[in-house]
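Sharing a structure here in structure tokens format.
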Amino acid sequence: MTLGSRIRSWLRATVQRSRVESEMDAELRFHMEAYADDLVRRGVAREEALRRARLEFGGIENAKEECREARGVHLAETVLQDLRYGARTMLRSPAFTATAVLALALGIGANTAIFSVVNAVLLRPLPYDQPERLIQVWHSPPQRSFPGMPTFTVSPANFLDWRKQNHSFQGMSAYGFGRYTLTGSGHPEAIRMVAATVGLFSILHAQPLLGRGFLDGEDEPGREHEVVLSYGFWHSYFTGNPDVVGKNIQLNGQAFTVIGVMRPEFDFPISKDPHSRTQMWKPLAWTDQERAIRGDHNYAVIARLKDGVTLRQAQAELDAISNRLAQDYPDDNKGWGAIAIPLRDDVVGDVRPALLILLGAVTLVLLIACANVANLMLARALSRRKEVAVRTALGATRRRLLQQVISETLLLACAGGALGLVFAHYSLVLMVNFLAQWLPRSSEIALDGWVLAFTLGISLLTGFAAGLLPALHMAKSDLNQALKQGLGRTAADSSGSRMRDLLVVSEVALSLMLLTGAGLLIRSLWVLHNVNPGFDAHGVVTMNVSIPTNQFTEPAQQIRYFARVLDRVRNLPGVQSAGVIDSLPLSDDGSHQPISLEGRPATAMADMPEVEVRLISPGYMDTMHIPLLSGRELDDSDVAGRVGAVLVSESMAKSFWPQEDPVGKRLTLYFFPELTRVVVGVVADVKISAMNETQPQATLYFPLAQISTARGESWRSFGMKLAVRTNAAPLGVAPALAGAVREIDADVPLLNIRTMDDSVSASLSPARFTMLLLGAFAGLALLLAVVGIYSVMSYAVSRRTNEIGIRVALGASRGEVLLLIVRQALLLALIGSVIGMVGALSLSRLMASQLYGVRPTDPVTFVAVAALLMIVSLAASYIPARRAMRVDPMIALRYE
Amino acid sequence: MAKPIDLLQGTLDMLILKAVSLGPLHGYGVLLRIQQISKEQLEIQQGSLYPALYRLEHQGWIASEWGESENKRKAKYYRLTAAGKRRFQAETEKWNRMADVIAGILSATPEEV
């Protein structure tokens, strides 16, 4: 066969369909007439001749169909026909169509929404050139001192050695976050600033939009007064003025020159939401003194792999360098390794498990929706048996019938997909609002081309999947029997109802799996809600008093400033008590420090125990209602020049002095060695960084009034968090608080004014979010399963009307009839539940990382979920069962 | 006249190619020509003639165009294409060989086996 002729006939058939069709008619008509003419010539009457011509030709429609098929254009043309036919059928039964489309729309919509999140967060490459070669390098801290902590920030001296000695990376840059205040126009503005060693922009392959990046040597002290602006900041603050390059701005009271503006898409580090994007970058200039710091770890490190170097090779080299450094500087480096993590894993590693669980959940929902539609189609196949038989008799082939059913489910699925997109759009709007706080890259979430392609793909797949079983079933029905018996039962019936039972069982099993997952999350959130954080959040308002770095040139000034702030605040109406701390509970920015205990053998710094160290003012414990367990609280007598006083947490007391009274014990903080400190009291444990902490963290509190310059560094003043307990509405007091603080110094920005209740709630929000979504999906699954059970039982009742009639006629009571139907439903639910339990047991283990205080095999959840499904199945079968109860035996027996 | 015999499976295509190789014909003409050449001994199902014509045209062995019939009606005429001519020769050869072989088998006597 020649390609040309094939294409020509395809084209003719698709483009000029109606012409081809009428030509075929004309040709066949000519044939009949010519034959009839011949007959007339042989003496047959005209009427009779035409009749005989038609008769001898045989089934004309059949022949036409074969002609169409012979042209090889059957598919394209009949699909159109089937779609038109399908659309008509769908419009004829709006209830069926609405149910099926809605089920599919929910399934496809949920998948689209979650996929667009997964696509933006996990799949889409990070917004850099060759992002897969970007690596984050961290310290891996000694596990003895930092149990369970995989990564740690990096010290300057170690970073410089890594950078000098490695051959794996094209470049390495250390960076940290600075606290800078922009003054010069109206209110002081706190700036989100990243200070990075030279090379950051070239490692990221980032070109500025205006001006330039940093030059070699600009990370030397004295030359670092330069900033590169983010596009967003440039736009909002300088209204996009292109002359900005070369201008001076005032940061922390010093002049900085703007040397460049980055492109709109540039963001580093990757922010969680658009409101927390970095606004400026400046060179990180270490003094010689700072370059020598090895034991104080405060920086993050980004690097780019050289071409041809693998992550494994880089890691091996880092291991070798770390080992050397540990030998050369055992005091600081013993046990400290280095770990290379691909940037993407570093950014999204934390949220991956939750997102994958949600993706799994929506897949299950879609499967259930598919089963549901298959079920509805099978039920409808019964009422359409006669139609199918007629079509078969008229020459429809088996393949044609299959194609017909699949076309219909495809049509349903595409309608479902379109509606699903609408659902997905609105649920994304809702989700992104919630997500912004904890999901990296949430600003990139969108219904883009990939997502649309995904939606189209799963819609088609769903259409095929949902249509396959009903299609095979329909094509199997026996023509003769169907025609003879009309709407009665045939052999294919029982196979159809077996298939439907199977579908219901799998729907129940899948929903049980989802419900179990949601149940486990609900249980753990419940446990979390009732966890005692160790403090009383109610009635407490907090804010960052974010004084600029270097605002005060010596410790005493900072101490005096906060004493004045507290003094002023405590005298405000509605304020019960107030205190400051460097890092509030449930936040990540606290400091870990090595300590040495008096009376124990002296060791190198690397071998010292590490504890959480917090700097507080008197009144803090009181404000937070953290109970004092023994000894006394810190008070105004614990000031510079007096004996150093510290409070320790209960867990610290237990792990350091298991059998003794900790009060009176003496210790030294490694970074502040000039003062020996005495434990004066023991306080209760609090949740340090999150509500779902499983181990209490050993914590030491020492008074702000006894702060000094850290070992080996020069003094830098820093901000503190103000906590205030009020007897009025906490946020109502906030403006007065802010006013009081500004009266002391108008240039201090106040950030993050929020209640402690909000902080507790925010700490739970990732767990709550996963729970809400999974709960919603499980609810959806349950709903779909109920529809499935209901439709199967309704069908069973209508099919067994005859049998029920006989039973009633023979004396069965209404109760027995009810039981008969309900029993069947419960049996299906029970089988489904058992299968679902097995599935849930094997899947729930994957959720372990998301659970708190609940085991993945929690029997309470499993039993509750199974019971719920049973009750729901019972309810779903009750309506059809009642219909069965009311069957009139006389009518039923006449029924067929 | 002997009772007409049914067509052997798969031979209709070859007969159509032969019929139109003698000159362009419309569908009804093909039917008449085959019956005429076979001296009315072959019975062709009229319904199966057209699908065969469409198939052959789709495969490019024959081509069609509209023309005027003997009695001044519009009719679709089929003619053999170059590709169809080659195809027909190949088919004819194949058929003749097979006919020979089968005839040889059927006429075999016990002594020859």
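For the stretch B:53-74, how many residues meet the condition of being facing another protein chain (nearest Cβ under 9 Å), in contact (Cβ under 8 Å) with a residue 24 or more places away in the chain and buried (at least 20 other Cβ atoms within 10 Å of the Cβ)?
Summing the residues that are facing another protein chain (nearest Cβ under 9 Å), in contact (Cβ under 8 Å) with a residue 24 or more places away in the chain and buried (at least 20 other Cβ atoms within 10 Å of the Cβ) in the stretch B:53-74 gives 5.
Counting only residues that are surrounded by 17 or more Cβ atoms within 10 Å (Cβ to Cβ) and more than 33 Å from the chain's Cα centre (by Cα), give me the strands (runs of 3 or more DSSP E) lying completely in the stretch A:128-222 with at least 3 of them. Break it down into steps so the answer makes sense when it comes.
On the way: elements: A:134-140, A:169-183, A:189-196, A:208-211.
Filter on the stretch A:128-222 gives A:169-183.
State yes or no: is residue A:77 modelled with pLDDT under 85, within 8 Å of chain B (Cβ to nearest Cβ) and assigned to a helix (DSSP H, G or I)?
Values: modelled with pLDDT under 85: yes; within 8 Å of chain B (Cβ to nearest Cβ): no; assigned to a helix (DSSP H, G or I): yes.
For residue A:77, the condition - modelled with pLDDT under 85, within 8 Å of chain B (Cβ to nearest Cβ) and assigned to a helix (DSSP H, G or I) - is not met.
Out of the residues in the stretch A:1-31 that are buried (at least 18 other Cβ atoms within 10 Å of the Cβ) and more than 9 Å from chain B (Cβ to nearest Cβ), which is modelled with the highest pLDDT? I'd like the intermediate steps shown before the answer.
Filtering the stretch A:1-31 for residues buried (at least 18 other Cβ atoms within 10 Å of the Cβ) gives A:5, A:9, A:13, A:20, A:24, A:27-28, A:30-31.
Cutting the leftovers down to more than 9 Å from chain B (Cβ to nearest Cβ) gives us A:13, A:20.
Details: A:13: 59, A:20: 75.
Only one residue fits best here, namely A:20.
Looking at residue A:401 and the list (1) within 30 Å of residue A:850 (Cα to Cα); (2) over 33 Å from the mean Cα position of the chain (by Cα), which single condition is not satisfied?
(1)
Consider residue A:746 carefully, then state whether it is over 26 Å from the mean Cα position of the chain (by Cα) and in a loop (DSSP other than H, G, I, E, B). Outline the logic, then answer.
Numbers: over 26 Å from the mean Cα position of the chain (by Cα): yes; in a loop (DSSP other than H, G, I, E, B): yes.
In short, yes.
Taking residue B:34 as the residue in question, decide whether it is β-branched (Val, Ile, Thr) and within 12 Å of another protein chain (Cβ to nearest Cβ). Working first, answer last.
Details: β-branched (Val, Ile, Thr): yes; within 12 Å of another protein chain (Cβ to nearest Cβ): no.
Criteria not met by residue B:34.
Tell me which residues, restricted to the stretch A:679-696, are at pLDDT 90 or above and surrounded by fewer than 17 Cβ atoms within 10 Å (Cβ to Cβ).
Across the stretch A:679-696, there are no qualifying residues.
Run down A:72, A:58 and say which single residue is within 14 Å of chain B (Cβ to nearest Cβ) and at pLDDT 75 or above. Outline the logic, then answer.
Details: A:72 fails: at pLDDT 75 or above.
Just a single option satisfies the conditions, and that option is A:58.
Being under 30 Å from residue A:359 (Cβ atoms), in the same structural domain as residue A:677 (by TED's automatic domain parsing), modelled with pLDDT of 90 or more and in a loop (DSSP other than H, G, I, E, B) is the requirement here; does residue A:586 meet it?
Working: under 30 Å from residue A:359 (Cβ atoms): yes; in the same structural domain as residue A:677 (by TED's automatic domain parsing): yes; modelled with pLDDT of 90 or more: yes; in a loop (DSSP other than H, G, I, E, B): yes.
For residue A:586, the condition - under 30 Å from residue A:359 (Cβ atoms), in the same structural domain as residue A:677 (by TED's automatic domain parsing), modelled with pLDDT of 90 or more and in a loop (DSSP other than H, G, I, E, B) - is met.
Test residue A:354 against the stated conditions and say whether it is assigned to a helix (DSSP H, G or I) and without any contact (Cβ under 8 Å) to a residue 40 or more places away in the chain.
Values: assigned to a helix (DSSP H, G or I): yes; without any contact (Cβ under 8 Å) to a residue 40 or more places away in the chain: no.
The answer is no for residue A:354.
Would you check if there is a residue in the stretch A:227-239 being touching a residue at least 12 places away in the same chain (Cβ under 8 Å) and farther than 29 Å from residue A:750 by Cα?
No: the stretch A:227-239 contains no residue that is touching a residue at least 12 places away in the same chain (Cβ under 8 Å) and farther than 29 Å from residue A:750 by Cα.
Considering only strands (runs of 3 or more DSSP E) fully contained in the stretch A:627-710, which possess at least 3 residues that are of a type in the set (Ser, Thr, Tyr), within 42 Å of the chain's Cα centre (by Cα) and farther than 30 Å from residue A:764 by Cβ? Before you say what the answer is, go through the steps one by one.
On the way: elements: A:628-631, A:644-649, A:666-669, A:672-683, A:699-703.
Hits in the stretch A:627-710: none.
From A:501, A:536, grab the single residue that is at pLDDT 90 or above and among the charged types (D, E, K, R). Give the derivation first.
Values: A:501 fails: at pLDDT 90 or above.
Going through A:501, A:536 in turn, just one is at pLDDT 90 or above and among the charged types (D, E, K, R): A:536.
Residues to consider are B:103, B:19; find the one that is more than 14 Å from chain A (Cβ to nearest Cβ) and closer than 21 Å to residue A:56 by Cβ. Don't jump to the end; show me each part of the working.
Values: B:103 fails: closer than 21 Å to residue A:56 by Cβ.
Result of the check over B:103, B:19: B:19.
Are any residues in the stretch A:494-530 among the small types (Gly, Ala, Ser) and closer than 27 Å to residue A:827 by Cβ, and if so, which ones? So that I can check it myself, show each step before the final result.
Taking the stretch A:494-530 as the starting set, the residues that turn out to be among the small types (Gly, Ala, Ser) are A:494-497, A:506, A:509, A:511, A:517-519, A:524.
Answer for the stretch A:494-530, where residues must be among the small types (Gly, Ala, Ser) and closer than 27 Å to residue A:827 by Cβ: A:494, A:495, A:496, A:497, A:506, A:509, A:511, A:517, A:518, A:519.
For the subset of the stretch A:794-814 comprising residues that are part of a helix (DSSP H, G or I) and without any contact (Cβ under 8 Å) to a residue 12 or more places away in the chain, which member is surrounded by the fewest Cβ atoms within 10 Å (Cβ to Cβ)? I'd like the intermediate steps shown before the answer.
Just the residues of the stretch A:794-814 that are part of a helix (DSSP H, G or I), to begin with: A:794-799, A:801-809, A:814.
From what's left, without any contact (Cβ under 8 Å) to a residue 12 or more places away in the chain: A:798, A:803.
On the way: A:798: 15, A:803: 13.
Selected residue: A:803.
Scan the stretch A:712-729 residue by residue and report those that are in a strand (DSSP E or B) and either among the basic types (Lys, Arg) or outside the structural domain of residue A:673 (by TED's automatic domain parsing) (or both). Even if it seems obvious, please write down each step before you answer.
Start the filter on the stretch A:712-729 by keeping residues that are in a strand (DSSP E or B), which leaves A:720-726.
Matches in the stretch A:712-729: A:721, A:725.
Go through B:77, B:50 for me and flag whichever is within 12 Å of chain A (Cβ to nearest Cβ), among the hydroxyl-bearing types (Ser, Thr, Tyr), within 19 Å of residue A:66 (Cβ to Cβ) and surrounded by 12 or more Cβ atoms within 10 Å (Cβ to Cβ).
On the way: B:77 fails: within 19 Å of residue A:66 (Cβ to Cβ).
Going through B:77, B:50 in turn, just one is within 12 Å of chain A (Cβ to nearest Cβ), among the hydroxyl-bearing types (Ser, Thr, Tyr), within 19 Å of residue A:66 (Cβ to Cβ) and surrounded by 12 or more Cβ atoms within 10 Å (Cβ to Cβ): B:50.
Would you point out which residue out of A:832, A:732 is among the small types (Gly, Ala, Ser), in a helix (DSSP H, G or I) and over 30 Å from residue A:104 (Cβ atoms)? Write out each step before concluding.
Values: A:832 fails: over 30 Å from residue A:104 (Cβ atoms).
From the options A:832, A:732, the qualifying one is A:732.
Would you check if there is a residue in the stretch A:491-498 being at pLDDT 75 or above and crowded, with 24+ Cβ neighbours inside 10 Å?
No, every residue in the stretch A:491-498 fails to be at pLDDT 75 or above and crowded, with 24+ Cβ neighbours inside 10 Å.
Of the residues A:676, A:709, A:726, only one is surrounded by fewer than 16 Cβ atoms within 10 Å (Cβ to Cβ) and at pLDDT 90 or above; which?
On the way: A:709 fails: at pLDDT 90 or above; A:726 fails: surrounded by fewer than 16 Cβ atoms within 10 Å (Cβ to Cβ).
Step by step, each of A:676, A:709, A:726 is checked, and only A:676 is surrounded by fewer than 16 Cβ atoms within 10 Å (Cβ to Cβ) and at pLDDT 90 or above.
Now, a different point. Kindly establish whether residue B:45 is under 22 Å from residue A:52 (Cβ atoms) and either within 11 Å of another protein chain (Cβ to nearest Cβ) or surrounded by fewer than 20 Cβ atoms within 10 Å (Cβ to Cβ) (or both). Walk me through it before giving the result.
Working: under 22 Å from residue A:52 (Cβ atoms): yes; either within 11 Å of another protein chain (Cβ to nearest Cβ) or surrounded by fewer than 20 Cβ atoms within 10 Å (Cβ to Cβ) (or both): yes.
So residue B:45 passes the test.
Of all residues in the stretch A:259-278, how many are surrounded by 21 or more Cβ atoms within 10 Å (Cβ to Cβ) and over 25 Å from the mean Cα position of the chain (by Cα)?
4
I'd like the residue in the stretch A:387-403 that is closer than 16 Å to residue A:89 by Cα and surrounded by 18 or more Cβ atoms within 10 Å (Cβ to Cβ) and, out of all such residues, is modelled with the highest pLDDT.
Restricting to residues being closer than 16 Å to residue A:89 by Cα and surrounded by 18 or more Cβ atoms within 10 Å (Cβ to Cβ), the top hit is A:403.
Here is a follow-up. Only residues that are crowded, with 18+ Cβ neighbours inside 10 Å and over 23 Å from residue A:689 (Cβ atoms): list them for the stretch A:632-658, please.
A:633, A:638, A:644, A:645
The values are calculated or read from the model by the stated rules, or taken from the named source; none is laboratory data. Just so you know, these numbers come straight off a predicted model, no measurement behind them. Quick reminder, even Gly has a Cβ in these numbers, built from the backbone with ideal geometry, and neighbours come from all protein chains shown.
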